[in-house]
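Take a look at the structure set out below.
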Amino acid sequence: MAGAPLLVSASASAPPVTRGHPVWRRLLIAGTVVFLTIFIVLPVVNVFTQALSKGVAAYTEVFTGPAADQPPRNLAEKRKLSTRRAQSEKTASAIAMSVGVAAVVVPLNILFGLMAAWAVTKFRFRGRLLLIALIDLPFSVSPVVAGLIFVLLLGRTGLFGAWATNFVWPDPTSIAWRGFGGGWPIGFDRFNSGIIFTPLAIVLASVFVTFPFVARSVIPLMQAQGTDEEVAALSLGASGWRTFRFVTLPNIRWALLYGTILCTARAFGEFGAVSVVSGNTDANDTMPLRIEKLWNEYDNQAAFTVASLLALLAMVTLVLKTLIDWRAARSARRDTGATLQAGPPS
Amino acid sequence: MSIEVRGISKSFGPTRVLKEIDLRIETGELVALLGPSGSGKTTLLRIIAGMEHADPGGGSVLFDGQDITAQGIGDRRIGFVFQHYALFKNMSVFENIAFGLRSKPWRSRPDAAQIKSKVDALLDLIQLGSLAQRYPSQLSGGQRQRVALARALAVEPRVLLLDEPFGALDATVRRELRRWLRRLHETIHVTTIFVTHDQEEALEVSDRVAVMRAGQIEQFGSPQEVYENPASPFVFQFLGHYNVFSARGQVADAPLSAGGGEGALTLVRPHDVVVSRNGNDRDAIPARVLHVGLVGPLVRVELERLDRKESIDAELTSEASKELALKPGDSVFVTSRHEHSFEDYSI
Amino acid sequence: MVAAAKRRVIPGFGLTLGYTLVTLSCFVLLPLGALAVRTAQLSWPEFWATITDPVVVAAYRLTFGASAVAALCNAVLGLMTAWVLVRYRFPGRRLLDALIDFPFALPTAVAGLTFSNLYLKDGWIGGFGDRLAGLVNSAGASLGYPALIPSDSLGWLDFAYTNTPTGIVLVLIFVGLPFVVRSVQPVLQEWDAEYELAAESLGAGPFTTFRRVIFPEIFPAWLSGSSLAFARAVGEYGSVIFIAGNIPGKSQIAPLLIVQKLDDFQYAQATAIGMVLLLASLAILLVMNGIETWVRRRQTA
């Protein structure tokens, strides 16, 4: 045994060492499988089982409302039906709220991530490392504290409380076409006031908790790629925008997509921060908040139905992430590994 | 397009990389910036390109007598070839070359057909017409280098700047590409500067060589001038093998820096060393043959001087060697055919 | 400053840095500053009274205790998982590998909901023993032996942890699971098996090889992964409130206390509790960074 294995040249990319005692190996594999089954597989399977425990019709009823195939026969039935309808309307509005919040938060996060990555990777300036650390800061803040700080800043007794409670903003769902009769052609029919305990606060809190996602996934890649390609494009007379759009962006597209889907998942899933700033109003519920309410009302199946939608989103996120990892690994191989092959034209 | 650099200095933090550089390059010249790593040659090239800015305070870069120091890189109309090519990974060879043309402001932008014919012409020039649709990762190093050149030439630059153009290639491709560059320059005749640390490359390809050391230009002249009349021991040393003959005609192989002492320093190229069987010359140094080796048409003889046990390298023609019939252990005398003496020999 | 910005080769410095700083200030620094300002406005006795209130102290103890236990479990189980995923090949490995990230992607409320349901007395795991007994009995009945075992004889296999501190630990293990695995995995992947072969050829057994050769190499990554899991657990709220039971002084975590104080408009107390939580998570990260740098320096020295 001594000496002989040294002759085997194993590199970092060599297949894993599967030697060692087979009993140990099987034990470890079994332990891992059991661990991941109990902690990941079972919980996820449970979500869908509970959601579908009363059948598919009950599942869809949770957000589409009860089907009115026959009119209610008596007052009790009528009351029950209207309660169910009201419940499903709240659930549907929570879904709409989550989609709306994500639709605002994710583009903001992409814009910020790209801006920050450009500033931090293409230039050297004093305080650069501090800036990178500050961008990451929200990840180490408890979600509840994230909500708390916005209440302290913008709540009625907050630092900017007086300003914030009188802040008037247009309701984006009330957008209306006014025509060219004078003034703006597009306007809003409804206006909201205040920030805390309104959807605006949900957006703010979500922006905070998702803050680092895109920047963090893009910065390491842009750092590794350096600035040569950008400088080359500029030397060929390209504008800054053209350089970014046609040279930088294609190089980081997978990392950008990766950060974007993680940000989306978090924007949909954030609970603690949003719960603090939403003010417990049904109209402000997002999907996770709706889950809590349904659960508190002992409507287990409905809670799990909403949860199953989020779990589905998580699964899509995971599939996309795996695909991106795979594509990124492939294009990394393409960009670097092929250097050795001197390919004369056939 | 002539290029003039006037009083350019550059520091990175406390390190001064360039010290008051003055350089004038005539229209159509092919000039090499030659020097060891850290001599500031790449920084100088990048300053001419506009990728680096010189320290504020008087220095300027002029193209055809026009001060362009304040111009950005995109406005200088230069073609730059990076050491590692910096080809756009996500674009095909064709798109890489067309990028500069497509980036022009719309008033001066050629239409699709013009771009196509122009890129095709460039592809012919670099002999890669059949690889237009390939991606950079599917090309060999030499092919990438040529694509990088074509991409730079597409925008009809006023000057062509190349940073260690052959640095990342293996020896054969390197030699081939260097001739190709020379021929290319003869056909397109655009003022060209390239940076290299390889003296052979600089001497073979360029019209004039600027030898740089520690942020200064030691000598600027034609390859012949620089090789035959080096301005300093550094230039002499950098351009090839050498033996150190001191002022008293003594030989030492000690590194120049250890040469110390007063008086002139005398350096001799191995091919200027004369070996004879009899010591008629008063200055001849007695030596012993250690090793005789054949290198192509030349015979390389390793000698050890008898008085100081130090070695001398000599290169003899095969005829001379046959005449002498040297073998290890023989006692001989050494003189020089041609030597270079320097008053100041700080290296 | 203007001149310096003008002299940069790549354009967009002013725009991108300006946008970054403004956004960062508005959405992150300003709100965090509000927390600092509000804390500074508290008088010291007020602050001290709040954070030493028995209910608050109990909440901190629960939060940090449960988080520490969960992080420790993750440290061990995560190391095992990373090792198995990198070193062994078996069917289903890629699937398991992809599943590791699930806790990052799954909203915490969903995790809390499903965990609290699983560990209920009649849930899959909370009622595992009873279900098993039922299964045994029905199998026995079909073979002609009804009531083979008493239906409550496997009660010790009922892991009904909902509304107990153990339940909190379980859900925190889930939440922190990816941190250790994903920190250790790349280091193991880069690890050159030649070192191991060399150690074994010198006569070291596999256990010694692991302890003396491999473990020191992955230690910094392992430590940082475990600390991240801990820090994450300390701040966790969404998943825990579903399973904790939330009895004041017994199963109330610190973040929940903040929410309750806010609901009662006791902003000062919420601020004090929140500040301690924030400082704790920053301290964890600082200590972790310190240890990591120290280990790295010692290794390279």
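The values are calculated or read from the model by the stated rules, or taken from the named source; none is laboratory data. Here the structure is a predicted model, which is why all the values come from computation and not from measurement. All Cβ positions, glycine included, derive from the backbone under ideal geometry; neighbour counts span all protein chains shown. To get the accessible areas, we keep the full protein, side chains included, count just its heavy atoms, and leave off ligands, DNA and RNA. Shrake-Rupley method; radii C 1.70, N 1.55, O 1.52, S 1.80 Å.
Largest GNM mean-square fluctuation among B:K327, B:K118, B:K41, using chain B with Cα springs under 10 Å: B:K327.
Classify chain B as rounded, prolate or oblate, taking a ≥ b ≥ c as the square roots of the eigenvalues of its Cα gyration tensor: rounded when a/c is under 1.5, otherwise prolate if a/b is larger than b/c and oblate if not.
Since a/c reaches 1.5 and a/b is larger than b/c, the shape of chain B is classed as prolate.
Sorted largest first, the spans of the alpha carbon positions of the protein assembly as shown along the three principal axes are 132, 88, 67 Å.
For peptide C:260-273, how many partner chain Cβ atoms fall within 10 Å of a residue's Cβ, on average? Don't skip to the end; give the middle numbers.
Numbers: counts 0, 1, 10, 3, 0, 4, 0, 7, 1, 0, 6, 5, 0, 3.
Partner-chain Cβ atoms within 10 Å, mean over residues of C:260-273: 3.
The accessible-area loss of the stretch A:214-234 on complex formation, taken against its chain alone with a 1.4 Å probe, reaches 50 Å² or more at A:D228, A:E229, A:V231, A:L234. Quotient of the Cα radius of gyration of the stretch C:120-160 and 2.2 N^0.38 Å, N being its number of residues: 1.15. Beta-bridge orientation, the protein assembly as shown: approximately 75 percent antiparallel, per DSSP, counting only bridges with both partners inside.
By the gyration tensor of its Cα atoms, with a ≥ b ≥ c the square roots of the eigenvalues, what is the shape of chain C: rounded for a/c under 1.5, prolate for a/b over b/c, or oblate? It is oblate, given that a/c is not under 1.5 and a/b is not larger than b/c.
Using a 10 angstrom Cβ neighbour count of at most 16 plus a DSSP loop assignment to flag exposed chymotrypsin sites (Phe, Trp or Tyr not before Pro), which longest range of chain A is free of such sites? Provide the component values of the computation, followed by the final result.
Numbers: sites that count: A:F125, A:F160, A:F167, A:F180, A:Y298.
Result for the longest clean stretch: A:1-124.
Relative intensity of the stretch A:170-242 on a log10 scale, I(q)/I(0) at q = 0.17, 0.20, 0.25, 0.26 Å⁻¹, equals -0.80, -0.88, -1.12, -1.15, per a Debye sum over C-alpha point scatterers of equal strength in the absence of solvent.
Given a Förster distance of 41 angstrom, what is the FRET efficiency for C:T300 paired with C:V55, based on the Cβ-Cβ distance and rounded to 0.05?
It comes out at approximately 0.30.
Taking each of A:K54/A:K90; B:K10/B:K41; B:K10/B:K104; A:K54/A:K80; A:K122/B:K118 in turn, the alpha-carbon distance tops 23 angstrom for B:K10/B:K104; A:K122/B:K118.
For the chain pair A and C, buried accessible area totals roughly 8300 Å², probe 1.4 Å, rounded to the nearest 100.
For the stretch C:238-298, state which chymotrypsin sites (Phe, Trp or Tyr not before Pro) are in a DSSP loop and have at most 14 other beta carbons lying within 10 Å of their beta carbon. Before the final figure, lay out each step's value.
Numbers: sites: C:F242, C:F265, C:Y267, C:W294; in loops: C:F265.
Sparse-neighbourhood loop chymotrypsin sites (Phe, Trp or Tyr not before Pro): C:F265.
Listed by chain and number, the lysines whose C-alpha is less than 24 Å from the C-alpha of A:K321, apart from same-chain residues fewer than 8 away, are B:K89. When the accessible area of chain A is computed with all protein chains present and a 1.4 Å probe, what percentage of it is carbon and sulfur? The value for chain A is 66 percent carbon and sulfur by accessible area.
Assuming 0.36 nm per residue, please report the length gained on full extension of the stretch A:T322 to A:D171 beyond their Cα-Cα distance. Intermediate results must be reported in sequence, preceding the final value.
On the way: separation 151, 0.36 × 151 = 54.36 nm, distance 3.79 nm.
Working it through step by step, the gained length comes to 50.6 nm.
The loop-placed trypsin sites (Lys or Arg not before Pro) in the stretch B:274-316, going by DSSP, that have at most 14 neighbouring Cβ atoms within 10 Å of their Cβ come out as B:R277, B:R282, B:R308, B:K309. Of the accessible area of chain B, computed with a 1.4 Å probe over protein heavy atoms only, carbon and sulfur atoms account for 48 percent. Once the Cα-Cα distance is subtracted from the 0.36 nm per residue extended length, the A:S239 to A:F125 segment shows a gain of 38.8 nm. Between B:K19 and C:R8, the simple label model (points 7 Å from Cα in the Cβ direction) yields a spacing of 3.2 nm.
Among A:S308, A:S93, A:S142, the largest mean-square fluctuation in a Gaussian network model of chain A, built with springs joining Cα atoms closer than 10 Å, belongs to A:S142.
Taken over chain A, the convex hull of the Cα atoms encloses 314 Å³ per residue. Radius of gyration over Kirkwood radius for the stretch B:10-128, both on Cα atoms: the Rg/Rh ratio is 1.02. Per-residue Karplus couplings for the stretch B:64-74, computed as 6.51 cos²θ - 1.76 cosθ + 1.60 with θ equal to phi - 60°, are listed in order as 6, x, 9, 6, 10, 3, 8, 6, x, 4, x Hz, Gly and Pro entered as x.
Taking the 1.4 Å solvent-accessible surface of chain C as the whole, the part contributed by carbon and sulfur is 67%. Considering only B:N96, B:N229, B:N278, the mean-square fluctuation computed in a Gaussian network model of chain B, springs between alpha carbons under 10 angstrom, is largest for B:N278. The mean sequence distance of close C-alpha pairs (under 8 Å, at least 6 residues apart), as a share of the length of chain A, puts its relative contact order at 23 percent.
Solvent-accessible surface of the protein assembly as shown, averaged per residue with a 1.4 angstrom probe and all protein chains in place: 46 square angstrom.
Indicate the gyration tensor shape class of the stretch A:173-310 (rounded, prolate or oblate), computed on the Cα atoms with a ≥ b ≥ c the square roots of the eigenvalues: a/c under 1.5 is rounded; otherwise a/b larger than b/c is prolate and the rest oblate. Write down the numbers at each step before the final one.
Numbers: a/c = 3.08, a/b = 1.50, b/c = 2.06.
In terms of gyration-tensor shape, oblate.
Roughly how much accessible area, to the nearest 100 Å², goes out of reach of solvent when B and A pair up, both sides summed, probe 1.4 Å? Write down the numbers at each step before the final one.
Details: alone 16790 and 22250 Å², together 36750 Å².
Counting both chains, the buried surface is close to 2300 Å².
The label point for A:N296 and the one for A:L312, both projected 7 Å from the Cα toward the Cβ, are 2.6 nm apart. Consider all pairwise Cα distances in the stretch C:123-266 and report the whole-number % of them above 22 Å. Result for the distance tail: 65 percent.
Full extension of the segment from B:A171 to B:L306, taken as 0.36 nm per residue of separation minus the current Cα-Cα distance, would add 44.7 nm. Among B:H84, B:H197, the order of accessible area from largest down is B:H84, B:H197, computed with a 1.4 Å probe on protein heavy atoms.
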